[in-house]
Amino acid sequence: MTDTDTPGQNGYSFSDQVGHLLRRVYQRHTSLFQQYIPDSQLTAAQFVVLCTLRDHDGSSLVDIVKATVIDQATIRGVVDRLKQRELVHIGHDPTDRRKVVVSLTALGRDLVERMEPHARQITESTLGRLNPAERLALDFLLRKMLETDETE
């Protein structure tokens, strides 16, 4: 607890809570993304979608939502902006014309490749002063917290 924090009657301080700390770390990570990524038009959400399509080209919107954990309404906007920049192509599944399929264009694939070193630097800066054991422990604990979520 810092000097500026004043816990409530029961000693509860929101700034000491895991959700608040995770949010602050995520905000720092997002700020680092904007600082290090040379493409000022590219957002973290857009980059994650491009990486997902690199790994699973020809994905449906539902598949992208599952892979990125970005909600359906937001994904539509992200994909539309990527399409406007000609980084993705939107088509229909040949066996089910109702199903929208998103694929990387050559321009999109090239952008992902060029941004990867910057993304690695963002991760490195986010982890900051953590030593290798702390990094491993953090990764383990975050994944364990997510597993708990998935089993409930």
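Here are some conditions: (1) of a type in the set (D, E, K, R); (2) in contact with a helix residue (DSSP H, G or I) (Cβ under 8 Å, 6 or more places away or on another chain); (3) exposed (fewer than 12 other Cβ atoms within 10 Å of the Cβ); (4) within 29 Å of residue 146 (Cα to Cα). Residue 54 meets all but one. Which one does it not meet?
Failing condition for residue 54: (3).
Pick out the one residue from 88, 100 that is among the β-branched types (Val, Ile, Thr), closer than 15 Å to residue 41 by Cβ and surrounded by 12 or more Cβ atoms within 10 Å (Cβ to Cβ).
Being among the β-branched types (Val, Ile, Thr), closer than 15 Å to residue 41 by Cβ and surrounded by 12 or more Cβ atoms within 10 Å (Cβ to Cβ) holds for just one of 88, 100, which is 88.
Closer than 18 Å to residue 37 by Cβ, surrounded by 11 or more Cβ atoms within 10 Å (Cβ to Cβ), without any contact (Cβ under 8 Å) to a residue 12 or more places away in the chain and acidic (Asp, Glu): does that describe residue 124?
Considered against the rule, which asks whether it is closer than 18 Å to residue 37 by Cβ, surrounded by 11 or more Cβ atoms within 10 Å (Cβ to Cβ), without any contact (Cβ under 8 Å) to a residue 12 or more places away in the chain and acidic (Asp, Glu), residue 124 comes out as yes.
Going through the stretch 94-152 one residue at a time, which ones are farther than 23 Å from residue 56 by Cβ and touching a Gly at 6+ places or on another chain (Cβ under 9 Å)?
None - no residue of the stretch 94-152 is farther than 23 Å from residue 56 by Cβ and touching a Gly at 6+ places or on another chain (Cβ under 9 Å), so the list stays empty.
State which residue pairs qualify: first residue without any contact (Cβ under 8 Å) to a residue 60 or more places away in the chain and inside the stretch 21-37, second residue among the hydroxyl-bearing types (Ser, Thr, Tyr) and loosely packed, with under 12 Cβ neighbours inside 10 Å in any location, beta carbons under 9 Å apart, and separation of 6 or more residues or different chains.
34/40
With respect to residue 130, determine if the residue is in a helix (DSSP H, G or I) and among the aliphatic types (A, V, I, L, M).
So residue 130 fails the test.
A short reminder: the numbers here are calculations on the coordinates, not readings from a lab. These numbers come from a predicted model, not from an experiment. Here Cβ is always computed from backbone atoms with ideal geometry, including for glycine, and neighbour counts include all displayed protein chains.
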